1. Which three numbers, in whole Å and largest first, are the semi-axes of the equivalent ellipsoid of the range 550-658 derived from its Cα gyration tensor as √(5λ)?
2. Could you please state, rounded to a whole Å, how far the C-alpha centre of the range 856-918 is from the C-alpha centre of the range 266-302?
3. Just the C-alpha atoms of the range 701-820: what Rg/Rh do they give, with Rh taken as the Kirkwood radius?
4. With an 8 Å cut-off on Cα pairs and a minimum separation of 6 or more residues, tell me the relative contact order of the range 701-820 in percent.
5. Note down the relative contact order for the range 395-532 as a percent, whole number, built from C-alpha pairs under 8 angstrom at least six residues apart.
6. Where Rh is the Kirkwood radius over the Cα pairs of the range 148-216, the temperature 25 °C and the viscosity 0.890 mPa s, what D in µm²/s does Stokes-Einstein return?
7. Tell me what the chain gives for mean residue ellipticity at 222 nm when only DSSP H runs of n ≥ 4 count, each as -39,500 (n - 2.57), the sum divided by the residue total, rounded to 500 deg cm²/dmol.
8. What fraction of the DSSP beta bridges in the chain is antiparallel, stated in percent and rounded to the nearest 5?
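Rule-based calculations on the coordinates, nothing more; no lab input. Keep in mind it's a predicted model, so treat the numbers as computed, not measured. Glycine also receives a Cβ, built like all others from the backbone with ideal geometry; neighbour counts cover every protein chain displayed.
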């Protein structure tokens, strides 16, 4: 097995070794493999000059790619006439590639070597001759959409003993087959857009194997360049001269975009629309797209291939004239011009109409008006093309437009219904019933980047790929697979999720819910080599969870708890861990690979972690200054330093490769305050400075406890509690260690000491604090063997200081409530109460009982804390407690609840939506033999409103749904849960018996007995 095969096979799951990644290239001779090129011999790529322009162009790229890998460019021969026969094809646009790709190396000459013959069935005389002679079997791909076959053929032409032959069923099939070789030899699709260094090899061989690439899972697969200011627009203005319409988005820019799409095996594009008019800014744009074989479209708010800005530039009546009911004659002409302009190019025409520039067309739903628009557009397409039904079209049901459909509006059957998600990766609706029978099919418009409520998310990648796969698998299974388009903002921050998006759209059956880490590892192997691939996978996978937990723009000082469960500390520790790993990998990589790693991995990891650190430091400053801690000023400074770090990360990005990416990452992201739109300038969280030049009236020592922002001595709120005492949350053998903070609040150095009973174990019992000392966190554990079993034991910790407190404040004391509770021997599996709560991950059930073929599947590394679970069928719906699989969780409580102080059960679920409006998302729960409770937790509201409490749900990346269970005695219990719709994803369960405290992700998982063979 060759080196590349070993790397690929070793890095992929069984499922992921699918046809689209089947290796056909090796770098060592063996098993009669065919030498294609080496450092002293060039490959010859042979085509028919009559083939599609995009095929000839891709062949040129392949010849250059061989040079990138071996140092020797390949040559291109078209019908035996050399490259000149292909060169003229590209004069239409004036954006020609350099076709001087002979086999020279330096000033010397090299001999020819291997041959690659590429062509499209029916357009290449070379391929057709091989088929006719029986030397090439294309029966598995002929007549298919974007399929290809690759194989070694003996004596393919006169004078050629053997050749690697690539035959495409259509032009893009051939192009994908060509670029498949490029990627295998070591040239990344991101070689230009992310500066991925090509791999170097002395020799390249073709394996004697046949690769049959089937049609893609999704017919049209593309991305939308959107929200492209300030970053992409600023970058493009600097790099490219402005066109006559003052836009930098011309053919020079789009040539790179088109190549990227094709190398990623995509075929479809919505062009930039904030600052661009694709067909106007540069008259070469449309012809160039067609030469490359890119299918063009336009966004949900840009019908009939006309850009938003065109109406303001050319339209009659300006913005008020964008009304069909009052200006339809003008709009009919305007739409006709759009259709005529692109009639000779491959397009998916957007139909329908929204209000001007991404707004609602009318304040209410007027289906008759919009139906008139669509009917007129069909008439236009009939006039321009002769048959409107033969023109690919889509109607995007974005935001308020979906309400027109739900109100009964009809569009022709051949129009694709493009369903959307909520701009936050949660699909809103999918086909049901007869909607699946439409000849136009259905698709999905998705977002990695978004501008709007409840807050923008457009700075850097905050996409969890497990969530993307789960939702798009749902779409595929429910037959929304005609067109997938994803909003990627500036392109640049989303290189890795874009690659994943197009891979699943190309062959979704190569993936499952466990594939993401292995997919990342494979991507890293191809991009950076095998040595660090596993580490990179761990970094990127954890980054996806941390960044999607709460989008960066939504993180505020109050988002993650500083006081409870050490939530903020543990979160920052994870960011620091992956930051250190990423920096270590970066430092170990060859210099040529560092720019790409910085862009795709190191920058988002370091900048993202620093962003969270700034907000947490801001929270500490506010809390600690309220406690009069001297250290509040250190956190003040940490925020300022973090702001400078953030700026320096951007400067580092801008300085890469002599400023190639200047203005990328210009997007503001610090300073969002309760309004969705971006701040005009970066600003820090609110901060307070502690005056530490004067002595505190309370002396020099301060103490606080876990779960409280009160301090002793010196906090008037606590005088009624003895003048200087605090209560630590209750402790049991099943709680984690508790903690207190000890710190300086004065101007003098003080020695402190804690006096506690012998069974109280402290990580530190004494120390010295000067005015500039860091705070000391003391963890408290109990030796339960020294305490009789039972509840209600009290213990006091006394804290003394060497400096005088004055007469009005007593010595600080910490009150401990100790409950030495014990489990009965009969409780052998399940979760144990932890001082007033039980929390557990949904994956950790005690028992699972399937229902027929229906069961539960685990989504590893999905969601905010650990994983998610859902039904194993994306087609299941309308289930009950008798037809759904049964999940059982055993648990033990030491606290009895009453009808007045009930046990409250909270399910933390992914913020997915009601994809079938007639069957809203729901679950059923039961504790012991109490009556079942069925809860519909996504409550739809009239459009354009999203479901009730949706803004909070997407901000937290979770629905919280709580049921109350009244009086429950202490002892052993069982919770049963039934998920009754396929789009229900359960992440975590929290039971509150009076001890749950505020946090973002809920309490940490409680003590667990058995279940997976562990205790605790």
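1. In descending order, the three semi-axes are 30, 15, 11 Å.
2. Here the two parts' Cα centres lie 44 Å apart.
3. Rg/Rh for the range 701-820 comes to 0.97.
4. 31
5. 20
6. Translational D for this selection: 181 µm²/s.
7. Taken over the chain, the calculation gives -8500 deg cm²/dmol.
8. Beta bridges within the chain, antiparallel portion: roughly 70 percent.
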